Every structure is written in C-alpha cells, then in structure tokens.
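Notes follow once the structure below has been shown.
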Amino acid sequence: MQSLYELYKIGNGPSSSHTMGPKRAVDKFIKTYSNIESLKVILYGSLALTGKGHLTDYIIKQTAGDIKIEIVFDLKKECNVHPNTMEIIGYDKEKNIIDNWTVYSVGGGTILVDGENSSDLPEVYTLNKFEDIKLYCKKNNLKLHEYVYNVEGYNITEYLKEVWQAMKDAVERGLNAKGNIPGRLRLSRSALNVYNTIVENEDDSLRQTRLLSSYAIAVSEENASGGKIVTAPTCGASGVLPAVLYYYNHEKDIPEYTIIEALAVAGLIGNIIKTNASISGAECGCQAEIGTACSMAAGAVAYIMGLDIDRIENSAEVAMEHHLGLTCDPIYGYVQIPCIERNAVAAIRAVDSAKLSMLMRKNKSISLDVVVDTMYETGKDLHSHYRETSEGGLAKKYCRNKYYNKELS
C-alpha cells in the first residue's frame, strides 16, 4: 500500500478523479517534456460524460497555462482498463508528436500512466489486508495508529496535522458561507440553515444529527464550489470524515492528538479499500466513495471511543456493508445532487456503525477484507449508467421529469 500522503490530498474540489487526477496527469506530462508547443487531450468514459460538470476541461486549461491546448470529449470509445481514461498528446513547434500518454485517473487524485508498473508514489506498507495488519498489531502489542507511525515514520503526524487543519477550515468556511453553489442546478447553500435549527436543551441524538449533518454539508458545499478540501478518500466524499472528527473535537472535547491518531486509523482503512478494491465512483459506484468514507469515519469513531482493534474492524465493516450497491448518478455531472446530502447521511451512519459494533459479538462472520472484496465485485457488476456517467438513476430521472414538466407548462 502507498503512503497516507497519497490518500489524504489537500486541494480544490469538486472532484478528485475528474479535476485532481487530470491536473496531475497534464502537469506531469508538461514537466517531462520541456519542448512542448501544444497539447491535445482526449477524454473518454466518465471523464467525457461528466467532465463538464466536474470542471475537467477548466482544470486542464489552467494547468496547461500558456501552452496551446485542444480538449476533446469522446463519448463513444469504450474504456476497457478504467472508466476514467484520458489521452495526452504533445506536439513540438513543427507539429511533430513528442509523445502520447494514456492515463487512468483511478480515484482520490491518483493517476496511472499506461505502460508504467506503478503510480506516482512507491509502496510503503508490506501488509495490505486488514486481517494481516490486525494479527501483526496483536503480536507486537501495537495500536493501529502506532502501526501507521512505525511504517511511515513519526513525521507523518505533521502531515496529518495539516490535513486536520484543512478539514477544520473547510467546515468553518462552509458554515459561514451563503449564496448559491455554482452550476446549472443553482442550489442554495444549506449548511448554515441546518446548523441554525439547533435549539437549546434539545434531545442529544437530534442535536448530534443536526451537527453532523451541518458539518458534512458545509464541507461538501465547499467542495462543490471549488473550495479547498481534503480527499477522504475523494472530493465527492470529503465531508464525512471531517464532520465526524469536528463533532468529537468540538462537542465531546476530544483532544487534537487523539484526532490525529484517529486520522491515521481512518487513513489505514481507506488505504486497504483503495488497494484491494477501489475508491472511484466511475469504477465501482458511490459505494466506493461514500462507502469508503463512511468506513473510514466509523473506524475513527471506534478508535475515539476507546474500542479495541476487533471492534474497530467491526465498525468499518458494518459501515461498508450497508453501502453495498450504492450508485453514482450525479445530476448534470455536478458533485451536488445526491452527493451533498449523501455525505451527511454517511456521517450519521459512521457514528451509528461504531455504536452498533459495541452491541455485536466480537468475531463476526463477515470481516472487513471480505466486505471490501464484495464491494469491488459489486461495483464491477453495476451497469455503467450507475457509475458516474449521469446516464441513469437520479440524473436520468431528474432530466426526464424536468423536460416533461416543462412541456406540460
């Protein structure tokens, strides 16, 4: 598995696979060849179908700077390796081809260049299954965050502090922002409205729901508006983990060093899912994005609650298991509907998953590794209409009903 530096990325939304990934790909190409006069970038699969709504063409042009660039949305070519596929062709002054790369944006901003054996960063974890890590930790009397520190080096905590600060900033900016989110849907920001529904002396469970929801929506609205967020594990699912950690830090007075340790635990879970399955909505549906975010957050909550490694696994497994089959069907390709509300639901479910794990027997029949494998298989079985193409589900129904209602009026 790769480092948590590769999982948690601080950057601008709205999409890790559609903006961060293409940005990194074009930037890498340009830095590789100093004599580029012009570029042609061809987008395929989900990048072509939802690239406009995800600002893919915008970020590519920004990254190219003064270099002449042509962007083509190819809606017909099948993507046999990964649904987020792009081709980058570089030309010199005489319009000769310098090189031609095929690049896959595999989720979370990570890219794979066709023909290369690995992605941008080397593998740093020799163990990549939760069961193996659990056995190692028990044998060596380590907690999960201590295992992360041992593998990555203690300096990883400094980066996790930066991640936590970026998460807090996103929550607080989102809670104070007003107006509409950019895009054809013209959605009004709602995080502050949800937060302002809190009343004194209300039921604790209702207060928890309001706070978790407002925090998650705040970050998700920041992401949808192109604000700075953290991939946890993706931009589209970036509101879940910050909401949960912010809640426990601000409402339950959990100290920051514990939050950093919980971030390490969550990151380890996210890494396991990314390595053995996928965190890409275009590859496996929203179960891969929101499901993973919920699983990460549930593991973090379980750690904060002082639960042991078996209960942490149970919490993460429950969270992922009950997202199996979740589709990715963003309306108009924007990371707005159903994405923003979905982050709030997953934040609530993460806390509930951790609490539920305390009530169940320790040695469950379904392990985290099994449910991760199941998620990947389920994602591959999903029709492409339900994997970030906006050709099915809510995206299709919304557009059809809107057209129908317009005709009636």
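Overview of values
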| quantity | calculated |
| --- | --- |
| Distance from segment 32-86 to segment 168-219 (C-alpha centre basis), Å | 34 |
| Global geometry of segment 158-228, whether rounded, prolate or oblate, following the gyration tensor of its Cα atoms and the 1.5 cut on a/c | oblate |
| Qualifying GluC sites (Glu not before Pro) for segment 29-125 [loop in DSSP, other Cβ within 10 Å: at most 10] | GLU78, GLU94 |
| Ranked by how many other beta carbons lie within 10 Å on average, peptides 337-349, 156-168, 293-305 from highest | 293-305, 337-349, 156-168 |
| C-alpha long axis of helix 240-250 to longest principal axis of the chain, angle in ° | 40 |
| Karplus-derived 3J(HN,Hα), 6.51/-1.76/1.60, for each residue of segment 162-178, Hz, glycine and proline x | 5, 4, 4, 5, 5, 5, 4, 4, 5, 4, 6, 5, x, 6, 9, 8, 10 |
| Rounded to whole Hz, the Karplus (6.51, -1.76, 1.60) HN-Hα couplings of segment 224-231, x for glycine and proline | 4, 8, x, x, 7, 9, 10, 5 |
| Cα gyration tensor shape of segment 220-292, rounded if a/c is under 1.5, else prolate or oblate by comparing a/b with b/c | oblate |
| Max mean-square fluctuation residue, GNM over the chain, Cα-Cα springs under 10 Å, options ALA232, ALA64, ALA243 | ALA64 |
| Accessible area per residue, Å², the chain with all protein chains present, probe 1.4 Å | 43 |
| The chain: calculated mean residue ellipticity at 222 nm from DSSP helix runs of at least 4, using -39500 (n - 2.57) | -16000 deg cm²/dmol |
| Global geometry of segment 194-341, whether rounded, prolate or oblate, following the gyration tensor of its Cα atoms and the 1.5 cut on a/c | oblate |
| Candidates ASP308, ASP66, ASP329: whichever shows maximal mean-square fluctuation once the chain is modelled as a Gaussian network with Cα springs under 10 Å | ASP66 |
| Long-range HN-HN contacts of CYS328 with modeled amide H, under 5 Å | CYS286, ARG387, GLU388 |
| Mean Cα-pair separation over length for the chain, i.e. relative contact order, pairs under 8 Å, 6 or more apart, % | 18 |
| Average Cα contact separation per residue, segment 306-409, under 8 Å, 6 or more apart, as relative contact order % | 45 |
| Among LEU324, SER357, ILE340 the positive-end extreme of the charge dipole of segment 312-395 (Cβ point charges) | SER357 |
| Neighbour cut-off at most 15 other Cβ (10 Å), DSSP loop, chymotrypsin sites (Phe, Trp or Tyr not before Pro), segment 1-63 | TYR33 |
| Angle in degrees between helix 393-408 and the longest Cα principal axis of the chain, rounded to the nearest 10 | 70 |
| Across LYS228/LYS397; LYS9/LYS138; LYS134/LYS228; LYS9/LYS31, pairs whose alpha-carbon gap is larger than 27 Å | LYS228/LYS397; LYS9/LYS138; LYS134/LYS228 |
| Partner aspartates and glutamates for LYS252 [C-alpha distance under 13 Å; skip if fewer than 8 residues away on the same chain] | ASP204 |
| Ratio of the Cα radius of gyration of segment 1-110 to 2.2 N^0.38 Å, where N counts its residues | 1.04 |
| Label-point gap, in nm, between VAL199 and GLU131 - each point 7 angstrom along Cα→Cβ | 5.1 |
| Calculated Rg and Dmax of segment 274-409 using C-alpha coordinates, Å | 16.8, 60 |
| Orphan Cys of the chain, criterion: no other Cys C-beta under 4.7 Å | CYS79, CYS137, CYS235, CYS284, CYS294, CYS339, CYS399 |
| Highest-fluctuation residue, THR197, THR110, THR63 considered, GNM on the chain with Cα pairs under 10 Å | THR197 |
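The values are calculated or read from the model by the stated rules, or taken from the named source; none is laboratory data. Predicted model, so just to flag it, every value in this text is computed and none were measured. Backbone-built Cβ (ideal geometry, glycine too); neighbour counts: all protein chains shown. Surface areas here come from the heavy atoms of the whole protein model, side chains and all, with no ligands, DNA or RNA. Shrake-Rupley method; radii C 1.70, N 1.55, O 1.52, S 1.80 Å.
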